[in-house]
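Worksheet: one structure, shown below.
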Amino acid sequence: MVHDLYILMITAGVVSLLFKLLKQPVVLGYIVAGILVGPNLFGENWVNPENVEAWGNIGVLFVLFCIGLEFRIKNLFESGKVALIGAATIILGMLLLGFGVGRSAELDTMNSLFLAAMLCMSSTTIVMKAVDEAGLSKERFVKGATGILILEDIVAVVLMVLLSSIAVKNSLDGVELLKKVGILALTLVIWFVCGILIIPTLLRKVRPYLNDELLIILALGLCLGMVLTAEEAGFSSALGAFVMGMILAETLESHRIEHLMAPLKNVFAAIFFVSVGMMINPSSLVTYWSSILYVSVVVIVGMIIFGTLGCWWGGATLKDSMLTGFSFVQIGEFSFIIAALGGKLGVTDPVIYPIIVAASVLTTFLTPYIMKAAVPCYDFIYKHSSPRIREKIDKREQKVLQAEQAASINDDNTNPSSADKVRHAVRRTIVTKRLVDLFFKNMSENDRPKDKNN
């Protein structure tokens, strides 16, 4: 096992360093490292695939936990209609487009559903990295783009649960699917409300005693506890990790936990992406190059169109809408996870996996260059538009500016957080208020010093 880990880490480190020098995302380096140590390139297993798969599964949990930690209800509310309508347009549009691609390739319904789910999610990591490297992190469109990515992550986790259910029964029952969605929604609400009510309060109580070591152990314990809870409830372990991350994101210790988790997440995420690369057969990339190119073009064109339209319909300016759409042109981490899920359940064609991974590599590589084309494309459209359309674009710009000015005037930093509002609303119910009062009364009694005579 130590030998396997050594091979993985040294190969991933050297290759990702090379990609870093070439100013390419290190995720691509991890995938290439997986191809190098995998059995398909040299015909020999340099590492034990079972060990790598086990570490990769742990990596998925940590990645989703950290994605949940980055979730902020406040940020989602601030992005408002842009995030909601933008995400709905992108997800629905790409789901239909992806399903159509699957059917046009003569795939069955199950394969087409999984393919559609793989194509409808952008990469939060790649988008934020590309935006930062392009010097656009302070631009106005980032808030809406972040909100869309948050919603995409939530929908991705839900899709994983639904696809697992469909795959197990090997059928698509509308009534059963709606029932499953209802149970999932109710479960999520109960988990989130209970978590927001209890966990932040307890963390505040023990905050003086929480050093970095205890905090990371407690956070991982809560994460794994929710993972087990999700599995017992019949849902995927990924859902539990993501939900606990969302709950801890609303605590005072969220940024501290996120900072402490970063090294652990990076290590296991690297192993996960290496395991993804190990499943790629380089010869299949040559064989299916036309399919890889086709999928990449569909993703790029679809994301640009649906991203731009969705943000525009949500109330963003045309320039911000295009910047968002042009930055979403890659297949994300969830696509790998969904592809691996389909393979694990044995319901997807093995050829889909290398095509998706190769398309992801290609679109990720092209993302920075496509982003740079957003503003020139906007200038071209504005310049060659009719006076009527140009007037509409200008009116939207003025409307957004006025809304920003009004928001800055009304902004009050003393307003309670969304989590505080939820806790306050729940505590106001008679039963909950009584239980919480009794709980803290017992805690305070236990904290009192005992009588020395006793």
Lone qualifier among Leu228, Leu215 - being hydrophobic (A, V, I, L, M, F, W, C), part of a helix (DSSP H, G or I) and free of Cβ contacts under 8 Å to residues at least 40 places away in the same chain:
Leu228
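Out of the residues in the range 257-286 meeting the condition of being over 19 Å from Gly38 (Cα atoms) and touching a residue at least 24 places away in the same chain (Cβ under 8 Å), tell me which one is surrounded by the most Cβ atoms within 10 Å (Cβ to Cβ).
By that ranking, first place goes to Ile257.
Might you check whether a residue that is outside any helix (DSSP H, G or I) and either among the hydrophobic types (A, V, I, L, M, F, W, C) or free of Cβ contacts under 8 Å to residues at least 40 places away in the same chain (or both) occurs anywhere in the range 376-383? Don't jump to the end; show me each part of the working.
Quick first cut of the range 376-383, residues outside any helix (DSSP H, G or I) only: none.
No, the range 376-383 contains no residue that is outside any helix (DSSP H, G or I) and either among the hydrophobic types (A, V, I, L, M, F, W, C) or free of Cβ contacts under 8 Å to residues at least 40 places away in the same chain (or both).
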Please indicate, with yes or no, whether at least one residue in the range 412-424 is within 29 Å of Met322 (Cβ to Cβ), β-branched (Val, Ile, Thr) and modelled with pLDDT under 85.
no
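Among the helices (runs of 4 or more DSSP H) lying completely within the range 250-317, list those that include at least 1 residues that are under 30 Å from Leu218 (Cβ atoms) and at pLDDT below 80. Spell out how you get there, then give the answer.
Details: elements: 254-278, 282-287, 289-313.
It comes to 254-278.
Among the candidates Trp289, Trp313, single out the residue that is in contact with a helix residue (DSSP H, G or I) (Cβ under 6 Å, 6 or more places away or on another chain), surrounded by fewer than 17 Cβ atoms within 10 Å (Cβ to Cβ) and under 29 Å from Thr364 (Cβ atoms). It would help to see each step written out before you state the result.
Values: Trp289 fails: in contact with a helix residue (DSSP H, G or I) (Cβ under 6 Å, 6 or more places away or on another chain).
Matching residue, one of Trp289, Trp313: Trp313.
Would you call Ser254 within 27 Å of Ile7 (Cβ to Cβ), in the same structural domain as Phe242 (by TED's automatic domain parsing), touching a residue at least 24 places away in the same chain (Cβ under 8 Å) and of a type in the set (S, T, N, Q)?
Numbers: within 27 Å of Ile7 (Cβ to Cβ): no; in the same structural domain as Phe242 (by TED's automatic domain parsing): yes; touching a residue at least 24 places away in the same chain (Cβ under 8 Å): yes; of a type in the set (S, T, N, Q): yes.
For Ser254, the condition - within 27 Å of Ile7 (Cβ to Cβ), in the same structural domain as Phe242 (by TED's automatic domain parsing), touching a residue at least 24 places away in the same chain (Cβ under 8 Å) and of a type in the set (S, T, N, Q) - is not met.
Given the criterion of a type in the set (Val, Ile, Thr) and surrounded by fewer than 16 Cβ atoms within 10 Å (Cβ to Cβ), identify the matching residue among Ile389, Ile338.
Working: Ile338 fails: surrounded by fewer than 16 Cβ atoms within 10 Å (Cβ to Cβ).
Going through Ile389, Ile338 in turn, the sole match is Ile389.
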Say whether the condition of being free of Cβ contacts under 8 Å to residues at least 24 places away in the same chain and touching a Gly at 6+ places or on another chain (Cβ under 9 Å) is met by at least one residue in the range 351-373.
no
Which numbered condition Val329 misses (of (1) surrounded by fewer than 24 Cβ atoms within 10 Å (Cβ to Cβ); (2) not in a helix (DSSP H, G or I)):
(1)
Hey, any hits in the range 87-105 for a residue that's part of a helix (DSSP H, G or I), at pLDDT below 75 and buried (at least 16 other Cβ atoms within 10 Å of the Cβ)?
no
For the range 18-29, which positions are of a type in the set (A, V, I, L, M, F, W, C) and over 25 Å from Pro354 (Cβ atoms)?
Leu21
Need a quick list: helices (runs of 4 or more DSSP H) entirely within the range 1-69 having at least 2 residues that are crowded, with 17+ Cβ neighbours inside 10 Å and in the same structural domain as Met226 (by TED's automatic domain parsing).
49-69
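The values are calculated or read from the model by the stated rules, or taken from the named source; none is laboratory data. No experiment lies behind these values; they were computed from the predicted model shown. Positions of Cβ are generated from backbone atoms using ideal geometry, with glycine treated the same way; all protein chains shown enter the neighbour counts.
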